[in-house]
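Reading through the structure tokens given below for one structure.
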Amino acid sequence: MPQIGDLTERLHFSPDDGRIWLDNRRMLLIDSYSMGALRIELIEAFGIETARGLLTRMGYTCGTRDAQLAMKVRSKQDDIMDLFLAGPQLHALEGIVIVEPVKLEIDVTKGKFYGEFVWRDSSEGEVHINNYGIGSEPVCWMQTGYASGYASVTMGRPILFREVQCSALGHETCRVIGKPASEWENPENDLKYFKPQPFVNKKVEEMEPVTVRKSSLPLTPKERVPDEYTPDVNALPGKEEIDSPYTEMVGVSARFSAACHMLSRVAPTNATVLFLGETGVGKEMFARTLYRISNRADAPFVAVNCAAIPENLIESELFGVEKGAFTGAVTSRPGRFELANNGTIFLDEAGTLSLASQGKLLRALQEKEIERVGSTTTKRINVRVIAATNVDLHKEVSEGRFREDLFFRLNVFPIRIPPLRERRDDIPLLMDSFLKRFIKIHMKNVTGFTSKAVEALLSYDWPGNIRELENVIERGVIMAPENGSIDLCHLFTYGEKMTSSVFRLDEEGSLRQKKGNGSERTSIEEEHIQDIASRFIGSSLSLDEMEDILVDNAMKAAGNNVSNAAKLLRITRARLDYRLKKRTEKSQG
């Protein structure tokens, strides 16, 4: 195991403020008995399966956060082993478990990973045994989630750990094995615990409607609204193709999970849903998922991009037109609302509609009736409305650009989709999903990502969100050599605002872009230089004598390990070897 000083020096206690910090992260000291009490409450209240899922995802989040810290602390080192082993060291530093590596094989560029570890004195196993005794199933759920999250971020692809021995089974120690999820037999048995909802990470054609939880819910759509019009089935939109970009929901982060929980709550109802979020966050993916898990999944789904329809055509596009209604209307045709009858209509970019178009849409939502252009009769419709916008509708209403009454009609159940910079834990999963899809589409054999590429993808600010990440991964697949890996030079090639410092976490521990050309020193480096200056500047020591003092202190701190001493001095081993050899020859001569 590498030296742990670079990690322990980032742990700070401030009793006067009641705060404990690990780098920029506020930590908590909670005794294991309290964690055991929480574990009991979760198991007794929700059942063992739900409790295991909650604790596994909690551990996964902790693992991804620690992986980001490890990249910050050890990314300047070329040794991928030292970078990865920061995770086991942080796990021990946080009081969770003592980790002993048994076997560790890592090749980031080829996507190869195999890790086998022994866990001694597992805090999680201990609290479970205290409350439930020896059982028949492994119980270190948080720790397994942690290892999976940490390894997934480090590798840039989903890594799954399984506990093959556990102290709660009567074994002396716990033992875990980790490898890419695709290499496990029946990985779905474990991956289900990483899903906040059953529809996450599942193909849309495999999604099932969410079960209605209460018999007192409103009547079904067909019972509520009489079915007075059914369009020609040949005019209905078809099902999504397998290669469609809207094929599955991917994510495990806390904010993504919160949005999924809200989706699950509203799916069995007939309520209007409004998706809010920046461009590229996946609002249409959420809308299609909502349709798939609703009780209208067997009925039509019609998507309308409101921003793409000219103002003079919006009424005929939404509500249809009768023959001869205007020049060019040579036949009668149904509008989007009619095509979506008994199903779902998705109004994307609803915030771009003009005030005149908003008034026409309001009547359809309010009265559940439409009237074709050129017609004198109305038609009853039974349509669930889903809308999406990337603008602040509250601001649009206050400035008179959006009707307040329409806003209230659309804002029945708002769901905010978080931007990618707020769900960085999901980036490795998205990277792997996009990589597999574009390898298939472009028929190229790409092995994976280099460690520099992984770090860059985790550090970039993603103003274009998931859509931008998708485009960057596709570009990387195209640019990468056959049977090779995607490197940094294959990704950001079209004017993205990148600097050398953008590929590092800042000194506050946040993953964000830094300004400047990357040549400025960090505050830690400045403090280090000032410390050296205060000790040496003005002294009578020569430059050679100063270097000897630095080398001696580094060798002492590293336990006379030349490689570790070189890392402390931030020079190569060869350079330190030369310095030591030169000093030995000088003393002997």
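The values are calculated or read from the model by the stated rules, or taken from the named source; none is laboratory data. Just so we're clear, the structure is a prediction, and the values are computed from it rather than from any experiment. Positions of Cβ are generated from backbone atoms using ideal geometry, with glycine treated the same way; all protein chains shown enter the neighbour counts.
Out of the residues in segment 21-34 that are touching a residue at least 60 places away in the same chain (Cβ under 8 Å) and out of contact with any helix residue (DSSP H, G or I) (no Cβ under 6 Å at 6 or more places or on another chain), which is surrounded by the most Cβ atoms within 10 Å (Cβ to Cβ)?
Step one: filter segment 21-34 for residues touching a residue at least 60 places away in the same chain (Cβ under 8 Å), giving 22-25, 27, 32-33.
Then drop every residue that is not out of contact with any helix residue (DSSP H, G or I) (no Cβ under 6 Å at 6 or more places or on another chain), which leaves 22, 24-25, 27, 33.
On the way: Leu22: 19, Asn24: 14, Arg25: 13, Met27: 14, Tyr33: 12.
Across segment 21-34, the extreme among qualifying residues is Leu22.
It is to be established whether one or more residues within segment 425-442 are surrounded by fewer than 15 Cβ atoms within 10 Å (Cβ to Cβ), modelled with pLDDT of 90 or more and farther than 30 Å from Arg292 by Cα.
no
Could you check segment 449-482 and list, in sequence order, the residues that are in a loop (DSSP other than H, G, I, E, B) and under 16 Å from Pro419 (Cα atoms)?
Residues of segment 449-482 that are in a loop (DSSP other than H, G, I, E, B), as a first pass: 450, 460-464, 480-482.
Of everything in segment 449-482, those that are in a loop (DSSP other than H, G, I, E, B) and under 16 Å from Pro419 (Cα atoms) turn out to be Tyr460, Asp461, Trp462, Pro463, Gly464.
Considering only segment 394-420, state which residues are of a type outside the set (D, E, K, R), touching a helix residue (DSSP H, G or I) at 6+ places or on another chain (Cβ under 7 Å) and without any contact (Cβ under 8 Å) to a residue 60 or more places away in the chain.
Val397, Phe402, Leu406, Phe407
Just to check your reading of the model, which residue among Gln358, Gln366 is in contact with a Lys or Arg (Cβ under 6 Å, 6 or more places away or on another chain), among the polar types (S, T, N, Q) and either without any contact (Cβ under 8 Å) to a residue 24 or more places away in the chain or not in a loop (DSSP other than H, G, I, E, B) (or both)?
Values: Gln366 fails: in contact with a Lys or Arg (Cβ under 6 Å, 6 or more places away or on another chain).
Unique residue meeting the criteria: Gln358.
It is to be established whether one or more residues within segment 421-431 are free of Cβ contacts under 8 Å to residues at least 12 places away in the same chain, within 30 Å of Ala67 (Cα to Cα) and not assigned by TED's automatic domain parsing to the domain that holds Lys283. Steps first, answer last, please.
Taking segment 421-431 as the starting set, the residues that turn out to be free of Cβ contacts under 8 Å to residues at least 12 places away in the same chain are none.
Looking for residues that are free of Cβ contacts under 8 Å to residues at least 12 places away in the same chain, within 30 Å of Ala67 (Cα to Cα) and not assigned by TED's automatic domain parsing to the domain that holds Lys283, one finds none in segment 421-431, hence no.
Among the listed residues Glu137, Glu126, Glu105, Glu116, which satisfies the condition of being under 29 Å from Asp23 (Cα atoms) and without any contact (Cβ under 8 Å) to a residue 60 or more places away in the chain?
Unique residue meeting the criteria: Glu105.
Tell me the residue from Phe438, Phe407, Phe434, Phe402 that is under 23 Å from Leu355 (Cβ atoms), touching an Asp or Glu at 6+ places or on another chain (Cβ under 6 Å) and aromatic (Phe, Trp, Tyr), please.
Numbers: Phe438 fails: under 23 Å from Leu355 (Cβ atoms); Phe407 fails: touching an Asp or Glu at 6+ places or on another chain (Cβ under 6 Å); Phe434 fails: under 23 Å from Leu355 (Cβ atoms).
Selected residue: Phe402, the only one of Phe438, Phe407, Phe434, Phe402 that is under 23 Å from Leu355 (Cβ atoms), touching an Asp or Glu at 6+ places or on another chain (Cβ under 6 Å) and aromatic (Phe, Trp, Tyr).
Go through segment 104-118 and report how many residues are of a type in the set (Val, Ile, Thr) and either closer than 21 Å to Met58 by Cβ or assigned to a helix (DSSP H, G or I) (or both).
Filtering segment 104-118 down to residues of a type in the set (Val, Ile, Thr) leaves 106, 108-109, 118.
Checking the rest, the ones that are also either closer than 21 Å to Met58 by Cβ or assigned to a helix (DSSP H, G or I) (or both) come to 108-109.
Of the residues in that region, 2 qualify.
Taking Asp66, is it modelled with pLDDT under 85, assigned by TED's automatic domain parsing to the domain that holds Val127 and either more than 14 Å from Trp141 (Cα to Cα) or touching a strand residue (DSSP E or B) at 6+ places or on another chain (Cβ under 8 Å) (or both)?
Details: modelled with pLDDT under 85: no; assigned by TED's automatic domain parsing to the domain that holds Val127: yes; either more than 14 Å from Trp141 (Cα to Cα) or touching a strand residue (DSSP E or B) at 6+ places or on another chain (Cβ under 8 Å) (or both): yes.
So Asp66 fails the test.
Pairs only if they're at least six apart or on different chains, beta carbon under 7 angstrom, first in segment 179-196 and more than 16 Å from Glu116 (Cβ to Cβ), second among the hydroxyl-bearing types (Ser, Thr, Tyr) and in a helix (DSSP H, G or I); list them, first residue then second.
Short answer, once both residue conditions are applied: Tyr193/Thr56; Phe194/Thr56; Phe194/Tyr60; Pro196/Ser257.
Could you grab me the full set of residues in segment 77-99 that are of a type in the set (Asp, Glu) and either crowded, with 19+ Cβ neighbours inside 10 Å or modelled with pLDDT of 90 or more (or both)? It would help to see each step written out before you state the result.
Of the residues in segment 77-99, the ones of a type in the set (Asp, Glu) are 78-79, 82, 94.
The one that is of a type in the set (Asp, Glu) and either crowded, with 19+ Cβ neighbours inside 10 Å or modelled with pLDDT of 90 or more (or both): Asp82.
Scanning for something of a type outside the set (Ser, Thr, Tyr), at pLDDT below 90 and out of contact with any Pro (no Cβ under 9 Å at 6 or more places or on another chain), does segment 142-165 turn up at least one residue? Before you say what the answer is, go through the steps one by one.
Residues of segment 142-165 of a type outside the set (Ser, Thr, Tyr): 142-143, 145, 147, 149, 151, 153, 155-165.
Going one step further and asking which of them are at pLDDT below 90, we end up with 153, 155-158.
Filter once more, keeping what is out of contact with any Pro (no Cβ under 9 Å at 6 or more places or on another chain): none.
Looking through segment 142-165, none of the residues is of a type outside the set (Ser, Thr, Tyr), at pLDDT below 90 and out of contact with any Pro (no Cβ under 9 Å at 6 or more places or on another chain).
Working only within segment 380-404, note down all residues that are within 29 Å of the chain's Cα centre (by Cα) and assigned to a strand (DSSP E or B).
Val385, Ile386, Ala387, Ala388, Thr389
For segment 1-100, give me every one of the strands (runs of 3 or more DSSP E) that falls completely inside it and has 1 or more residues that are over 30 Å from Ala258 (Cα atoms).
On the way: elements: 11-14, 19-22, 25-27.
Of the strands (runs of 3 or more DSSP E) lying wholly inside segment 1-100, those with at least 1 residues that are over 30 Å from Ala258 (Cα atoms) span 11-14.
Step by step: first the residues of segment 538-589, then only those that are outside any helix (DSSP H, G or I) and over 16 Å from Asp79 (Cβ atoms), then the one that is nearest to the chain's Cα centre (by Cα). Which residue is that? Give the derivation first.
In the first step, residues of segment 538-589 are kept if they are outside any helix (DSSP H, G or I); the result is 538-542, 558-561, 570-572, 589.
Remaining after also requiring over 16 Å from Asp79 (Cβ atoms): 538-542, 559-560, 589.
Values: Gly538: 52, Ser539: 53, Ser540: 55, Leu541: 53, Ser542: 53, Gly559: 40, Asn560: 42, Gly589: 61 Å.
Only one residue tops the list, namely Gly559.
Kindly indicate the residue of segment 296-349 that is among the aromatic types (Phe, Trp, Tyr) and closer than 20 Å to Val373 by Cα and also modelled with the lowest pLDDT among those meeting that condition. So that I can check it myself, show each step before the final result.
The first filter runs over segment 296-349 and keeps only residues among the aromatic types (Phe, Trp, Tyr), leaving 301, 319, 326, 337, 346.
Now drop any that are not closer than 20 Å to Val373 by Cα, which leaves 319, 326, 337.
Details: Phe319: 86, Phe326: 64, Phe337: 89.
So the residue we want is Phe326.
Just checking, which of Val385, Val446 is outside the structural domain of Ala299 (by TED's automatic domain parsing), in contact (Cβ under 8 Å) with a residue 24 or more places away in the chain and among the hydrophobic types (A, V, I, L, M, F, W, C)? Spell out how you get there, then give the answer.
On the way: Val385 fails: outside the structural domain of Ala299 (by TED's automatic domain parsing).
Of Val385, Val446, the one residue that is outside the structural domain of Ala299 (by TED's automatic domain parsing), in contact (Cβ under 8 Å) with a residue 24 or more places away in the chain and among the hydrophobic types (A, V, I, L, M, F, W, C) is Val446.
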